[in-house]
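Notes to accompany the following structure.
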Amino acid sequence: MDIVLLFPGQGSQTPGMGRDLAEAHAAAREVFAAVDDALGAPLSGLCFEGPAEELTLTHNAQPALLTHGAAVWATVRDALGPHVRAAAGHSLGEFTAYHAAGALDLGDAARLVRRRGELMFRSGEERPGAMAALLGDPTRPVEEICDEASRDAGLVVPANYNSPGQLVISGEVAGVERAMELAKAAGVRRAMRLNVSGAFHSPLMAPAQAGLREALDATDMRDADVPVYANVNAEPVTSAARARDLLAQQLVSPVRWIDVVRALAERHPDALFVEMGPGAVLSGLAKKIVPGIQTATCGTAAEVDALLERVGAPA
């Protein structure tokens, strides 16, 4: 059985994430303990207990999601590893994908995404912005809507092409609000502001880009064992140098998740797409992008057991 790994991004975090997994599996416990040591902070307690408002902060949510994804991967790696053909992650999840692909050691990955979250949070404070989800297909291209709103009110750009009927825009507050008005007039079913600390995946994140590039250059990164499909261009990447470039670009570029999933499904049409981490956001998006795609979620101890049974491995 061919397997493609998917790792979720910010927004999937929730108090209690990983707790039952760590209780049931030593490999998961070791991952949480190792990240606590690497960061010099009790991140595991924040994952297991919350509070939600602290866990949701960008510089906490990002390493928390990476740690949960890494803990799941450590638990199933021996059984699934020979079957994994590729990996991808949504925004922050792309870093987790590189860890699973052997390009980043756990401690390095945790420190890197903590730094990424700090830089993004600081950029949001220095140049406040907003993001909004557009649900339903507008009668005009979202790029055209954003261009008009940028001229009218303030810079706004497409940030996430999540699935047919689900787009996210990002930029200056006035520009985002104007784009929401235009999108509603163009027939979207719903336009809603997102609870985020900045205008992620937009030019407003430019102040954080240099710092992230510096952190990437200072991090030991190896060529990936399996291709990781990049958010920026939906292309498979194994080169460490290319990965660094694209991860830096990702900060100010849209997440082309529709293209990523379609490219993976075209290359691996019979694969099982396994979402590794809390929730089932990416599994739901994948089914909208490629109807009939095989998916599984793997974030809890029960889901680990079910997945191992599905691939014929002992739990």
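Scan around GLN166 for amide H atoms under 5 Å from its own, H built in the peptide plane at 1.01 Å from N, and keep only partners 5 or more places away or cross-chain.
Under 5 Å from the amide H of GLN166: GLY136.
How many angstrom lie between the C-alpha centres of region 247-315 and region 59-96?
11 Å
Note the listed values (i) 19.5, 67; (ii) 18.2, 55; (iii) 18.6, 60, then indicate which one is Rg and Dmax of the Cα atoms in Å calculated from this particular structure.
(iii)
For HIS83, tell me the accessible area in Å² from a 1.4 Å probe, rounded to the nearest 10.
Counting only protein heavy atoms, HIS83 exposes about 60 Å² to solvent.
From the backbone phi of region 136-142, what are the Karplus-calculated ³J(HN,Hα) couplings (6.51 cos²θ - 1.76 cosθ + 1.60, θ = phi - 60°) in whole Hz, Gly and Pro given as x?
Karplus-based 3J(HN,Hα) across region 136-142 equals x, 8, x, 7, 10, x, 4 Hz.
Lys and Arg at +1, Asp and Glu at -1: add these up for the other residues within a Cβ distance under 13 Å of ALA179 and post the number.
Taking every other residue near ALA179 into account, the sum is -3.
Between 0 and 90 degrees, rounded to the nearest ten: what's the tilt of helix 257-267 against the longest Cα principal axis of the chain?
Between helix and principal axis, roughly 50 degrees.
Could you state the accessible area per residue of region 129-194 in Å², with a 1.4 Å probe and every protein chain left in place?
Here the per-residue accessible area is 42 Å².
Per residue, how much accessible surface does region 79-123 expose to a 1.4 Å probe? Answer in Å², no decimals.
On a per-residue basis, 24 Å².
How much net charge surrounds GLY107 when only the other residues with a Cβ under 13 Å from the Cβ of GLY107 are counted, with Lys and Arg +1 and Asp and Glu -1?
-3
Summing Lys, Arg as +1 and Asp, Glu as -1, what charge do residues with Cβ under 13 Å from the Cβ of ARG85 carry, ARG85 excluded?
-3
For VAL237, which sequence-distant residues (separation of 5 or more, or a different chain) have an amide H within less than 5 Å of its own amide H, given hydrogens modelled in the peptide plane?
VAL228, TYR229, ALA230
May I ask you to give the percent of accessible area on the chain that is carbon plus sulfur, with a probe radius of 1.4 Å?
Ligands and nucleic acids excluded, carbon and sulfur give 48 percent.
At 222 nm, what value in deg cm²/dmol follows for the chain if DSSP H runs of at least 4 each add -39500 (n - 2.57) and the sum is divided by all its residues, to the nearest 500?
Mean residue ellipticity at 222 nm (helix-derived): -15500 deg cm²/dmol.
Please turn the phi angles of region 182-194 into ³J(HN,Hα) values with the Karplus equation 6.51 cos²θ - 1.76 cosθ + 1.60 (θ = phi - 60°), one per residue in order, whole Hz, x for glycine and proline.
3J(HN,Hα) across region 182-194, in whole Hz: 5, 5, 5, 5, 8, x, 5, 5, 7, 10, 9, 5, 9.
Step through the residues of region 296-304 one at a time and calculate ³J(HN,Hα) from phi using the Karplus curve (6.51 cos²θ - 1.76 cosθ + 1.60, θ = phi - 60°), rounding each to whole Hz and writing x for Gly and Pro.
8, 9, 8, x, 10, 4, 5, 5, 4
The values are calculated or read from the model by the stated rules, or taken from the named source; none is laboratory data. Since this is a predicted model, take the numbers as computed values, not measurements. Note: ideal-geometry Cβ built from the backbone for every residue, glycine included; neighbour counts use all protein chains shown. Just so you know, the surface numbers come from the protein's heavy atoms only, side chains and all, with ligands and any DNA or RNA stripped out. Shrake-Rupley method; radii C 1.70, N 1.55, O 1.52, S 1.80 Å.
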